[in-house]
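So the structure is just underneath, and the comments pick up after that.
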Amino acid sequence: MPLFVMEGTTTMKKTALRLVGGVLLVGGFFILSIFSYQKISRELYLKKLLKENIVFDIPSLNLKVPILEGTDNNTLSVAAGHFEGRGSLGQGNYCIAGHNSTIYAEIFNDLDQIQIGAEMFLFDVDKIQYTYVVTEYKIVDPHEITVLDDYGDDRLTVISCTDDGEYRQVVIGKLRK
C-alpha cells in the first residue's frame, strides 16, 4: 500500500509542477507581449515624429532624431528640443538639446564620439537639407549659457549632459553654404 500512495503523490507533484510551469509560461508570454507592444508603439511614434518635424542627423554617429520646439522634460523624453527664440534653420545660432542618459531618452549618448569636421544635417518638414560641419566640441559648466548667444554667423549648437550629468557637452557646427 505505501507504494501506491507514493505513486499518487508523485503524480500529484508532477501535475502541480506542470500547472505552475504553464502559469509561468503564460505569464512570461504576457509580460513579453507588453514590452513588445511598448517598443513597437515607441518606434511608430518616432517614425511619425520624424515625418512631421525637423530632423537632426549625424551619419557618423548613426543618429537621427526629430526636433520639437522647447526643452521641457516632456519634449526631451521623446526627441531633441529647440531652444525657443534661438536661431532658425540656416540662420543665427540654432540651438538644440537632448538627453544623454540610459534612464531618459538616449538621444545623444554617443555625442562625445563626434569628430571635428563631421557633418551634421538638419532637414526641415519639406526635407530641405541644411549642412553643418563640426568646428568645436567642448565641456562646459551647466550654468554656462553663452553658448546659446548669437555670434553673428550661422551655426548649430548641440547641448547634452556629460555621462555623469555634472557638466554639459557642447558641439558647434558652422553652416556650409
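The values are calculated or read from the model by the stated rules, or taken from the named source; none is laboratory data. These numbers were taken from a predicted model, which means no experiment stands behind them. Cβ coordinates were reconstructed from backbone atoms using ideal geometry, including for glycine residues, and neighbour counts include every protein chain displayed. Heads up: the accessible areas ignore ligands, DNA and RNA and are worked out on the full protein's heavy atoms, side chains in. Shrake-Rupley method; radii C 1.70, N 1.55, O 1.52, S 1.80 Å.
Put simply, of Asp126, Asp153 the only residue that is open to solvent by less than 50 Å² (accessible area, probe 1.4 Å), part of a loop (DSSP other than H, G, I, E, B) and not basic (Lys, Arg) is Asp153. When the residues of region 63-109 are filtered to those that are among the hydroxyl-bearing types (Ser, Thr, Tyr) and buried (at least 18 other Cβ atoms within 10 Å of the Cβ), the one that is nearest to Val133 (Cα to Cα) is Tyr94. So which strands (runs of 3 or more DSSP E) stay within region 1-99 end to end and still have 3 or more residues that are touching a residue at least 60 places away in the same chain (Cβ under 8 Å) and closer than 20 Å to Arg155 by Cβ? Output list reads 54-58, 93-97.
Checking the stated criteria, Tyr45 turns out to be of a type in the set (Ser, Thr, Tyr), open to solvent by 90 Å² or more (accessible area, probe 1.4 Å) and under 30 Å from Met120 (Cβ atoms).
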